[in-house]
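The values are calculated or read from the model by the stated rules, or taken from the named source; none is laboratory data. Computed from a prediction, not measured in an experiment: that's the story for all the values here. Glycine gets a Cβ as well: all are built from the backbone with ideal geometry, and neighbour counts include every protein chain shown. Note: accessible area is taken over every heavy atom of the protein model, side chains too, but ligands, DNA and RNA are not part of it. Shrake-Rupley method; radii C 1.70, N 1.55, O 1.52, S 1.80 Å.
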Amino acid sequence: MSKLLIVESPSKAKTLKKYLGSDFEVLASYGHVRDLIPKNGAVDPANQFAMKYDIIDRNAKHMDAITKAVKSADSIYLATDPDREGEAISWHIAEILNDKKLLKNKLLKRVEFNEITQTAVKHAIDHPRDIAMNLVNAQQARRALDYLVGFNLSPLLWKKIRRGLSAGRVQSPALRLIVERELEIEAFTSQEYWSIHLDALKHAHRFNAKLIQLNGEKIEQFSVINHDQQADIVGKLLIASAGKTTVSRVEKKQRSRSPAAPFTTSTLQQEAVRKLGFTTSRAMRVAQQLYEGIDVGSGTVGLITYMRTDSFSLATEAVMQIREYVKKNFEGDYLPKSPIMYKTKAKNAQEAHEAIRPTDVYRNPASVRQYLNDEQFKLYEMIWKRTIACQMSPAKFDAVSVDLAVGMDANLFRASGQTLVFAGFMAVYLEGRDDGEDEDDESKLPHLETGEVLQVEKIYGDQHFTEPPPRYGEASLVKILEEYGIGRPSTYASIISTLQDREYVVLDKKRFTPTDVGRVVAKFLSEHFTQYVDYDFTAKLENELDEIAEGNREWIPVMDKFWQGFNQQIINKADVDRPGNELIDEQCPKCGKQLQKQLSRFGTFIGCTGYNAEPKCDYKRSMNGTAQAGSDPVTIGTDVESGKEIYLMNGPYGPYLQVGVAVEGEKKKPKRVSIPKEVPLAEVNIDIANMLLSLPRDLGQHPDTGKKIVANIGRFGPYVNHDGKFKSIPKTESVFNIDLAGAVTLLSAANTGPAPIADLGPHPSGEGRIEVYAGRYGPYVQHAKIRATLPKSVSPEELTLEEALTLLTEKAAKEVPAKKTKTKKASTPADKDVTAAKKVTVKKVATKKAPAKKTSVKKAAVKKTMAKK
């Protein structure tokens, strides 16, 4: 009896094949096999939200392999990932097989396992179930909602703002969070305030105390707001103290700190960003590798449980094993008397999975270090330590708070400190913190008694300024998305990468800043689709999807309720004005008409209201008074050499500068130079324009050839050119500063070919290596002669070998059609017939065309003769 097991990932298939033996054939679907057709009508609200699906091109061959294997199998087990997406993939595979009428008299069952270990897999095979349609319906509803929002709202953005923009049901509220934080920062006014401190001595031990009460009144943050005020207070306290202070109160207590719960998807992403410097998407990719299986010498095994979960719970067997490990490896005090239970914070933890944990805690990081790459080791070590720590005793501190009186009890300074007396779980793991979260005060105070008189070393003031709230980083954005209930753990990484891919936000110094386009889109949606970017509305809809997954709600009524309101809003907003046109109280310096805020593809700028009048006024400037590129030329200033105007213009390859205008009939074109990406358009003024227009720079003659070397900027960025050979100037150098020696060094490197920026290892075939290079169009991965460009959302540092193989396979598949006639093998009689038929066809075509050529020659001769006559 032949059996077929279908999983999502090829690496998982490899692992499972070793567990299941020769009875099973294991194939991978490579993720989703079907998706909605990418055009209008894929979801039909008028027909119970019927959906039109099509097989995804890149996975068609994998589905063909599954179809072929099903024909000879007696039992089919669908072992896709244990979540809604996985359930939907199983359902799609079953639907395709049903449509092909391949399941008659065959057993089709769904199996799921939370960890890839031999025990868990065999248990799942022994306890199969049917496909859970409530989970499938929840996923279909989410997909349909996202489709309806995208396909109806995006065209409106094209019409009202500019082409190419798009909006998402979950991404838009996330964008709103980032934009609102930026507006908070911009509106923030910093305030000065002072704190007053006292340094006291007991023997040789110095410690610091802060003023909390002055003349019987409590000191607040803004009680002291300038230098003169603090100087007056410090002077009076110094006189009152006469160099002494009295201990008026000593309070001692023991406090404890409990361990953090085991990892969920959200907390794993946050900690990986804080502690390891990963991105959220990178954290999930590495976690997937650990889940799907690593060869640890004795065989391939999944090292962690399933990584998409919002549950804090752990299996009873796992808790017992953790406690056993702690008991064997730590002193008795480190193990609590009873297991620690963690309550899941999320309202609807998806499908009640376990938290993320090692599949075997006795497989400690040191024992598997040699089998893991650096990223895998770092993440596994963090997961392992957090899991062990979650079942250990709390840490204990001796905390002390002391009040010091100066002059009289009406003036009080307070010092506080704590001493770690028992490490507990902190001996293994300590949770990271975001910006703005207070760190525990670990200062240690000397032994003090009430009434004790101490020496005052100094009293002084410290100046402070209030700071705006910090921009969101990846960790803090995931945290706030979870708090608001926007999206689900499995979607956080894709939300962030989508916002970046759409260029609505940029990640600068690990902080998100909205682009001008992102701000305009957020403003438009907030003003005209308020409900649909509302945090509570989005969270409520997520909860309704959770209820569908639990079987407590039908999906079509949820869809219908959403569509009725959303569709009406789309209709109502079809005629709203373009955003951004707002009159300002200022006159145009060129024509005297009133100025207004306008919108271009680069964001908001100041323009003249006379741009549609006759005569037309083309005055424009950016919000801060410098240039702004748009569809019309913007005057920057006058070129000193030629006396012509310098214009900022926008072309198909981005913004550029041009001296003068093209004159019809003149062969010589106006001088142009591209504006490098690293130069913000808002900062392009006459000085920067002159500097850019000074290009190309003649660096001198090459010492070997005697030929000129030139530095310039092209459509692909700054470069040096020598004898027709080009070499990009690295970001560490500047086109304006690079000298002859630096250019020669660059060019010599160009002759030896580019060096890879990452080596991913040997190709599975054993032929050659897979390497990543920095190309003119961005980073790419290469094996032999096949090159595949990396997607924007994947950095070279994050690319895995498996992802590289997928990119190369897809690229190779695309290149096959162009080479079909060359690679066609006449290995069978049928193939030879086809080849022969092609030859005959070519001959016939050639025969037919021959007379036509003769005729055309005759006609030409006739014309020539007539011309002579």
Trp555, sole failed condition from (1) out of contact with any Asp or Glu (no Cβ under 6 Å at 6 or more places or on another chain); (2) on the phi > 0 side of the Ramachandran plot; (3) of a type outside the set (Val, Ile, Thr): (2)
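Regarding region 662-669, can at least one residue be identified that is without any contact (Cβ under 8 Å) to a residue 12 or more places away in the chain, touching a Pro at 6+ places or on another chain (Cβ under 7 Å), under 30 Å from Pro589 (Cα atoms) and in a loop (DSSP other than H, G, I, E, B)?
We begin by selecting, within region 662-669, every residue without any contact (Cβ under 8 Å) to a residue 12 or more places away in the chain; these are 662-669.
Going one step further and asking which of them are touching a Pro at 6+ places or on another chain (Cβ under 7 Å), we end up with 662.
Subsequent filtering for residues that are under 30 Å from Pro589 (Cα atoms) retains 662.
Pick out the ones that are also in a loop (DSSP other than H, G, I, E, B) and you get 662.
Yes - at least one qualifying residue is present in region 662-669.
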Index of the failed condition, Lys378 passing every other in (1) out of contact with any Leu (no Cβ under 6 Å at 6 or more places or on another chain); (2) of a type in the set (D, E, K, R); (3) within 30 Å of Glu85 (Cβ to Cβ): (1)
Residues satisfying the stated conditions in region 200-227, i.e. over 21 Å from Ala410 (Cβ atoms), open to solvent by less than 50 Å² (accessible area, probe 1.4 Å) and within 47 Å of the chain's Cα centre (by Cα): Phe207
Test: Lys68 is at pLDDT 90 or above, under 30 Å from the mean Cα position of the chain (by Cα), open to solvent by 40 Å² or more (accessible area, probe 1.4 Å) and closer than 28 Å to Leu808 by Cα: no
Residue among Leu276, Leu290 that alone is of a type outside the set (Phe, Trp, Tyr), open to solvent by less than 10 Å² (accessible area, probe 1.4 Å) and touching a Leu at 6+ places or on another chain (Cβ under 8 Å): Leu290
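Go over the candidates Pro703, Pro796, Pro718, Pro754 one by one and state the one that is open to solvent by 40 Å² or more (accessible area, probe 1.4 Å) and either modelled with pLDDT under 80 or under 33 Å from the mean Cα position of the chain (by Cα) (or both). Give the derivation first.
On the way: Pro703 fails: either modelled with pLDDT under 80 or under 33 Å from the mean Cα position of the chain (by Cα) (or both); Pro796 fails: open to solvent by 40 Å² or more (accessible area, probe 1.4 Å); Pro718 fails: open to solvent by 40 Å² or more (accessible area, probe 1.4 Å).
After ruling out the rest, the residue left standing is Pro754.
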Members of region 419-438 that are over 23 Å from Tyr472 (Cβ atoms), buried (at least 16 other Cβ atoms within 10 Å of the Cβ) and either modelled with pLDDT under 90 or touching a helix residue (DSSP H, G or I) at 6+ places or on another chain (Cβ under 6 Å) (or both): Phe425, Val428, Tyr429, Leu430
Region 125-159: number of residues that are open to solvent by less than 20 Å² (accessible area, probe 1.4 Å), among the small types (Gly, Ala, Ser) and closer than 21 Å to Ala549 by Cα: 3
Lone qualifier among Lys18, Lys101 - being closer than 30 Å to Leu303 by Cβ, charged (D, E, K, R) and open to solvent by 30 Å² or more (accessible area, probe 1.4 Å): Lys18
Test: Asp44 is open to solvent by 80 Å² or more (accessible area, probe 1.4 Å), without any contact (Cβ under 8 Å) to a residue 24 or more places away in the chain and charged (D, E, K, R): no
Test: residue in region 68-75 that is outside any helix (DSSP H, G or I) and closer than 30 Å to Asp295 by Cα: yes
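Would you check if there is a residue in region 85-108 being within 17 Å of Asp126 (Cβ to Cβ) and touching a strand residue (DSSP E or B) at 6+ places or on another chain (Cβ under 8 Å)?
Taking region 85-108 first, the residues within 17 Å of Asp126 (Cβ to Cβ) are 107-108.
Filter once more, keeping what is touching a strand residue (DSSP E or B) at 6+ places or on another chain (Cβ under 8 Å): 107-108.
Within region 85-108 (the criterion being within 17 Å of Asp126 (Cβ to Cβ) and touching a strand residue (DSSP E or B) at 6+ places or on another chain (Cβ under 8 Å)), the answer is yes, since at least one residue qualifies.
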Of all residues making up region 230-273, the number that are farther than 30 Å from Ala315 by Cβ, in a helix (DSSP H, G or I) and among the charged types (D, E, K, R): 2
Strands (runs of 3 or more DSSP E) wholly inside region 492-589 that include at least 3 residues being open to solvent by 90 Å² or more (accessible area, probe 1.4 Å): 582-587
Filtered residue count, region 181-203, keeping only those that are closer than 25 Å to Val234 by Cβ and hydrophobic (A, V, I, L, M, F, W, C): 5
Pick from region 284-321, criterion out of contact with any Lys or Arg (no Cβ under 9 Å at 6 or more places or on another chain) and more than 29 Å from Pro339 (Cα to Cα), ranking: modelled with the lowest pLDDT: Ser298
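Okay, residues lined up against (1) under 29 Å from Thr491 (Cα atoms); (2) open to solvent by 40 Å² or more (accessible area, probe 1.4 Å):
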| residue | (1), (2) |
| --- | --- |
| Val7 | yes, no |
| Arg34 | yes, no |
| Met51 | yes, no |
| Arg58 | yes, yes |
| Ile76 | no, no |
| Asp83 | yes, no |
| Ile93 | yes, no |
